[in-house]
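Quick notes on the structure that follows.
No lab work stands behind these numbers, since they all come straight from the coordinates. Everything numeric here is computed off the predicted structure, so don't read it as measured data. Cβ sites come from the backbone with ideal geometry, for glycine too, and all protein chains shown count toward neighbours.
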Amino acid sequence: MEIIISENPSEASAKAAEAVKMQILAKRSSVLGLATGGTVMGLYGKLAEMCGRGEVSFKKVSTFNLDEYVGMPASDPNSYRSFMKKHLFSKIDVDPSNTHIPDGCAENIRAYCVQYENKIRLCGGIDLQVLGIGSDGHIGFNEPSSSLGSRTRVKTLTEKTRADNSRFFGGDISKVPMHAVTMGIGTILDSREILLLAFGEGKAEAVARMAEGPVTATVPASALQLHPNVKVFLDEPAASKLVNKAYYKYVYANKP
Ligand code: F6R
């Protein structure tokens, strides 16, 4: 796990955007795995700017989002389809038919989850997966106790996650859905490369447990320790509880 600590979220997002750009320049038809939420907005803004300047094109890129709330129609302003359209897809030259987001309203959701996995496989697998992290250590919506080998399925959100996400629902936790369709931890670990972003003190504990604690289903993000190609982009507050913080900075400053 390579841990890259920046002064602020903007600098960290710029570094992550550069990594996404390098991936697309190396393979125009890259398959990206994407996250939603507050953390990735800066990254998506930078990618939109790069695309606008003609530095990178998403014309041949395919995308697969991690998750969607169960029962949330794509047209709802709080759906992750709406989020992605607003913060990224409407600002880049991606072909909308190449963008995939789980359908939280699928009639047979179990069968749908299997289809979603198959679609990822048919596209050749995810080249680069973008992740945020929940304050409870989740990745995607794989909440604590999720199997480290899990595949796309429905998960029940913790009260903590629903409280964290209530800010997108006017602060009303009762409006935050209870369930989400999410790629599994096994699905995420199949990606060839993973970028995880985390900002702010509220993520410091989860980040430390992810990177320096034991690999455990209690902290789903700790499964990333098993992946050979993970880059973690942090600001100073999110890095504040890392015991080996000085070493990570030393490694980055002396990169071969
Ligand atoms: C969203 C997702 C979640 C978020 C995480 C952090 O698609 O998969 O794991 O990345 O909850 O959310 P923010 O960035 O809003 O703190």
### Task
May I ask you to list the residues in the stretch 56-71 that are part of a loop (DSSP other than H, G, I, E, B) and either away from the ligand (no atom under 16 Å from the Cβ) or within 15 Å of V40 (Cα to Cα) (or both)?
V56, S57, F58, K59, K60, V61, L66, G71
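Only one of these is of a type in the set (D, E, K, R) and either touching a helix residue (DSSP H, G or I) at 6+ places or on another chain (Cβ under 6 Å) or in contact (Cβ under 8 Å) with a residue 60 or more places away in the chain (or both): K59, K46. Name it.
Values: K59 fails: either touching a helix residue (DSSP H, G or I) at 6+ places or on another chain (Cβ under 6 Å) or in contact (Cβ under 8 Å) with a residue 60 or more places away in the chain (or both).
Matching residue, one of K59, K46: K46.
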### Task
Test D93 against the criterion of being within 14 Å of the chain's Cα centre (by Cα), more than 16 Å from the ligand (Cβ to nearest atom) and touching a residue at least 12 places away in the same chain (Cβ under 8 Å), and give yes or no.
no
### Task
Give the residues of the stretch 24-37 that are aliphatic (A, V, I, L, M), crowded, with 19+ Cβ neighbours inside 10 Å and more than 16 Å from the ligand (Cβ to nearest atom), sorted by residue number.
I24, V31
#### Entry: Qualifying residue in the stretch 153-175 (condition: of a type in the set (D, E), assigned to a loop (DSSP other than H, G, I, E, B) and more than 21 Å from K231 (Cα to Cα))
yes
### Task
Check V40 against each of (1) among the β-branched types (V, I, T); (2) in contact with a strand residue (DSSP E or B) (Cβ under 9 Å, 6 or more places away or on another chain); (3) within 26 Å of L234 (Cα to Cα); (4) away from the ligand (no atom under 11 Å from the Cβ) and name the one condition it does not meet.
(4)
